[in-house]
Amino acid sequence: MTEAEFSATDISAAIGPGLRRPRRLRTSNNMRRLVSEVDLAPRQLILPMFVADGIDQPREISSMPGVYQHTEDSLVRAVEEAAELGIGAVDLFGVPLDSDKDAEGSQSWHDNGVLNRALRRLQKEFGSDVIVAADTCLDEFTDHGHCGVPGHDHHGHSVIDNDATLLRYQKMAIAQAAAGADIVSPSGMMDGQVEAIRTALDANGFQDVAILAYSAKYASAFYGPFRDAVGSSLEGDRCSYQQDPANRRESLLEVQLDIDEGADMVMVKPAMPYLDIVREVADMSPVPVAAYQVSGEYAMISAAAANGWIERDRAFMEALLGIRRAGADMILTYWAVEAARRLK
């Protein structure tokens, strides 16, 4: 039988009267909006920001086009813009002078350290109108670039000393809270870091300062541009304390430990290569779950778009929506401002 010999009745019979048609719910923007399963809103976005010593104007990070190291003045202006767009919070990283770095990262808890000065400035300018988180880690402040202080194991081999590092994290968290941080964010993946910080904060009258724990942080290849952003002095790698990318169950253990130690929020980092982990953590966590769309994710989309290979804005919005769909309540993203503009 030729195509011309098919009647309308024959075609209808071939399709079948009971055919399910999910496309009915995709027929227009309004229909798609009506049945959308996941929302993305500015309040769910956290903007990571860098404040640097030794610069007199914002300095663009070459591997992260559109992202800057800020002066204190430009930081205030950028935070004001983020707040006006309804972004949920900002997360601050300090970039000290190389001459201020030492083996234990002491500038991280110094009153006049770049990060603590910036926290006080934001507290003075915005008070409770802006939620400010601070990165509670030594890596930006150490001359070796690690997240902890050096030590030796029982064989005499060089290691990062977990328990000695916890003492520094306590000092750092107290300094950040005193400077005005609403949230401290331990990102070093040291065992017991949440309990140590919670104990120190409570003992010093900072019971209301929240902890956003980097609970499942992988030893990832996607952090490279971030190390440009903070002028990292890293020697070697962090595989002995950050998680193996092959491991899944370990993440659930790390998250549960942080929750038991008093974390108010937990995080998976990076986001896009670990969406399965985001989903599993979201399914088990009684506290809010964050995911960090890291510098390498930002750089990949930016570079592909600059070459005309993908549509930049659609791509980063799709990536953010995918992270939300996987279960993240909050997303740390360098696109927070642009995304918020589009959402508004």
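The values are calculated or read from the model by the stated rules, or taken from the named source; none is laboratory data. What you see is a predicted model, and the numbers here were worked out from it, not measured in a lab. Neighbour counts are summed over all protein chains in view; Cβ atoms, including those assigned to glycine, are modelled from backbone coordinates with ideal geometry. Ligands, DNA and RNA are excluded from the accessible area calculation, which covers all protein heavy atoms including side chains. Shrake-Rupley method; radii C 1.70, N 1.55, O 1.52, S 1.80 Å.
Take Trp335, Trp309 and sort them by solvent-accessible surface of the protein heavy atoms, 1.4 Å probe, largest at the top.
Trp309, Trp335
Nothing charged except the Cβ atoms of Lys and Arg (+1) and of Asp and Glu (-1): what's the magnitude of the dipole of the range 246-344 about its Cα centre? Round to the nearest 20 debye.
Around 560 debye, computed over the range 246-344.
What do you get for the angle between helix 162-179 and the principal long axis of the chain? Use alpha-carbon atoms, 0 to 90 degrees, nearest ten.
With rounding to tens, the tilt is 80 degrees.
Looking at the range 11-100, which trypsin sites (Lys or Arg not before Pro) are in a loop (DSSP not H, G, I, E or B) and have at most 10 other Cβ atoms within 10 Å? Provide the component values of the computation, followed by the final result.
Values: sites: Arg20, Arg23, Arg24, Arg26, Arg32, Arg33, Arg43, Arg59, Arg77; in loops: Arg20.
Those satisfying the criteria are Arg20.
Between Asn30 and Trp309, what is the label-point separation in nm under the 7 Å Cα-to-beta-carbon projection?
4.0
Consider the candidate values [x] 41, 28, 16; [y] 32, 24, 17; [z] 42, 23, 20; state which one is semi-axes √(5λ) of the Cα gyration tensor in Å computed from the structure displayed.
Computed from these coordinates, semi-axes √(5λ) of the Cα gyration tensor in Å corresponds to label [z].
Which ³J(HN,Hα) values in Hz, rounded to whole numbers, follow from the phi angles of the range 316-322 under the Karplus curve 6.51 cos²θ - 1.76 cosθ + 1.60, where θ = phi - 60° and Gly and Pro get x?
In residue order, the calculated couplings are 6, 5, 5, 4, 5, 5, x Hz.
Please give the contour-minus-distance gain from Asn247 to His155: 0.36 nm per residue of separation, less the Cα-Cα distance, rounded to one decimal in nm.
Difference between extended and current length: 30.4 nm.
In nm², what is the average projected area of the convex hull enclosing the Cα atoms of the range 13-169?
Convex hull of Cα atoms, orientation-averaged projection: 17.7 nm².
Let's test the formula: R0 of 25 Å, r as the Cβ-Cβ distance of Ala219 and Glu72. What FRET efficiency results, to the nearest 0.05?
Between Ala219 and Glu72 the formula returns 0.15.
Can you give the charge dipole size of the chain about its Cα centre, rounded to the nearest 20 debye, using +1 on the beta carbon of Lys and Arg and -1 on the beta carbon of Asp and Glu?
Magnitude of the dipole: close to 1580 debye.
Can you list residues whose amide H is under 5 Å from Met267's amide H, if they're 5+ apart or on another chain and H is modeled 1.01 Å from N?
Ala213, Ser215, Ala216, Ala290
What distance in nm separates the simple spin-label points at Asp39 and Asp329, each placed 7 Å from Cα in the Cβ direction?
1.6
Taking the Cα atoms only, what angle lies between the long axis of helix 114-126 and the longest principal axis of the chain, rounded to 10 degrees?
Helix 114-126 sits roughly 60 degrees off the main axis of the chain.
Just to be sure I understand: of the beta bridges DSSP finds with both ends in the range 98-223, what percent are antiparallel, rounded to 5?
35
May I ask what percent, to the nearest 5, of DSSP beta bridges between residues of the chain are antiparallel?
Working: 6 of 39 bridges.
Within the chain, antiparallel bridges account for around 15 percent of the total.
Pick from Ile46, Ile331, Ile131: which residue has the top mean-square fluctuation in a GNM of the chain where Cα pairs under 10 Å get a spring?
Ile131
What whole number of Å gives the distance from the Cα centroid of the range 29-79 to the Cα centroid of the range 312-344?
Value for the Cα centre distance between the two parts: 11 Å.
Please identify which residues in the range 97-129 have an amide N closer than 19 Å to a label point set 7 Å out from the Cα of Glu80, following the Cα→Cβ vector.
Within reach of a label on Glu80: 118-129.
For Leu19, tell me the accessible area in Å² from a 1.4 Å probe, rounded to the nearest 10.
80
Which whole-number value in Å³ per residue fits the convex hull of the alpha carbons of the range 216-344?
Each residue corresponds to 130 Å³ of Cα convex hull volume.
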